[in-house]
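*Asks:* Before I ask anything, let me first share the structure, which is written out below as structure tokens.
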Amino acid sequence: MYDAIVIGAGPGGYECARLIGEQNGKVLIVEKDKLGGTCTNYGCIPTKALHASASFFHSISNSANYGFSASPPIVELSKLIERKQKVVDMMSRGVQRILETSKAETIMGEAKIENKNAVVVNGQKYEAKNIVIATGAKPRLLPGIQLSEFVITSKEALELKELPKSMAIIGGGYIGCEFASIFASLGSKVTIIESLPRIVLTKIWTSQMSLQGP
């Protein structure tokens, strides 16, 4: 029996597994997609990699402001995506090393909780004193809207092979604004649609609401 089974190998899951391992606990971590979870593969890491490329492109495009003469650069989005993926793969391997160092066992597959001390993965039952749910997050679609060639989430936006001429982003939180900054810097015409009074207000709004709570 394990001391803990951790469902999800994102930042919450692999850090939990690492801490348990450092205390000589026996831990099993289960991941159905990729080590590192949403943050490493579809969130913070890939967006920061693309943002770095977009910022570099913007600087070159405005080199005359710094006293340089240069031919207008051309965006090859597929190469930006390729560079992004190399960064993501490197970080994912880093997560794997963290788990190996902490002596956490890793299983790739979808976990189903059978009871408070048992989890089934790939048809195999595993038991533990504790079960930690660290399944992370995923994009939420609006009611009545289906994904298509023209309707995508942040996950698909990270895999685009051609730069869109225009883009409407529903949601002006930090994720929406980050994507807006990336694609606008690369040359797309970007419109942000936000229901709150101003953009990047979600976190502030939530904090104010919690402060007013009981």
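A short reminder: the numbers here are calculations on the coordinates, not readings from a lab. It should be emphasised that the depicted structure is a prediction, and the values quoted were computed from it without experimental measurement. For neighbour counting, all protein chains shown are included, and Cβ atoms are generated from backbone atoms with ideal geometry for every residue, glycine included.
*Asks:* Kindly express, to the nearest 10 degrees and within the range 0 to 90, the angle between helix 44-61's C-alpha long axis and the longest C-alpha principal axis of the chain.
*Replies:* Helix 44-61 and the main axis of the chain meet at about 20 degrees.
*Asks:* Can you list the lysines whose alpha carbon sits under 19 Å from that of LYS189, skipping same-chain ones fewer than 8 residues off?
*Replies:* Excluding near neighbours in sequence, the set is LYS161, LYS165.
*Asks:* Still on this structure, please answer the following. Got a sec? Charge dipole of the chain, +1 on Cβ for Lys and Arg, -1 for Asp and Glu; which of ASN62, GLN124, ILE193 is way out at the positive end?
*Replies:* Among ASN62, GLN124, ILE193, the one farthest towards the positive end of the dipole of the chain is ASN62.
*Asks:* Within the stretch 137-204, which chymotrypsin sites (Phe, Trp or Tyr not before Pro) sit in a loop by DSSP and count at most 15 neighbouring Cβ atoms inside 10 Å?
*Replies:* Those that pass, being in a loop and sparsely packed, are PHE150.
*Asks:* For Cα extents along the principal axes in Å, pick the label among (i) 65, 42, 35; (ii) 60, 37, 30; (iii) 48, 43, 28 that corresponds to the value derived from the coordinates.
*Replies:* (i)
*Asks:* In what sequence, highest mean first, do 37-49, 123-135 appear when ranked by Cβ atoms within 10 angstrom? Please list the in-between numbers first.
*Replies:* Values: 37-49: 20.6, 123-135: 14.8.
In decreasing order of mean packing, 37-49, 123-135 become 37-49, 123-135.
*Asks:* Provide the per-residue ³J(HN,Hα) series for the stretch 151-160, in order, calculated from phi with Karplus coefficients 6.51, -1.76, 1.60 and θ = phi - 60°, each as a whole number of Hz, with x at glycine and proline positions.
*Replies:* 10, 10, 9, 4, 5, 5, 4, 6, 10, 4
*Asks:* Also, quick follow-up: Once the Cα atoms of helix 11-22 and of the chain are each reduced to a long axis, what angle between those two axes, in degrees from 0 to 90 to the nearest 10, is obtained?
*Replies:* The angle comes out at about 40 degrees.
*Asks:* Taking only C-alpha pairs under 8 Å that are 6+ residues apart, what is the relative contact order of the chain in percent?
*Replies:* Once divided by the residue count of the chain, the mean separation gives 26 percent.
*Asks:* Compare SER185, SER148, SER55 in a GNM of the chain, Cα atoms joined below 10 Å, and give the one with the largest fluctuation.
*Replies:* Most flexible of the set in this elastic network: SER148.
*Asks:* Once the piece of chain linking ASN115 and GLU159 is laid out straight, how much longer is it, given 0.36 nm per residue of separation minus the C-alpha distance between them?
*Replies:* That pair, ASN115 and GLU159, stretches by 12.0 nm at full extension.
*Asks:* Please determine, in degrees from 0 to 90 and to the nearest 10, the orientation of helix 174-186 with respect to the longest principal axis defined by the Cα atoms of the chain, where the helix direction is its Cα long axis.
*Replies:* Between the helix axis and the principal axis of the chain, the angle is about 40 degrees.
*Asks:* Moving on to the next point. Hey, with R₀ at 25 Å, roughly what FRET efficiency would LEU201 and HIS51 work out to, going by the Cβ-Cβ distance, to 0.05?
*Replies:* Efficiency, rounded to the nearest 0.05: 0.75.
*Asks:* Another one. So what is the relative contact order of the stretch 1-44, in percent, for Cα pairs below 8 Å that sit 6 or more residues apart?
*Replies:* 46
*Asks:* Which GluC sites (Glu not before Pro) from the stretch 150-182 combine a DSSP loop assignment with at most 11 other Cβ atoms within 10 Å?
*Replies:* Qualifying residues, ordered by number: GLU162.
*Asks:* Percent antiparallel among DSSP beta bridges with both residues in the chain, to the nearest 5?
*Replies:* Approximately 30 percent, going by the DSSP bridge assignments.
*Asks:* Which distance in nm do the two modelled labels at ILE60 and GLU127 give, with both placed 7 Å along the Cα-to-Cβ direction?
*Replies:* 6.0
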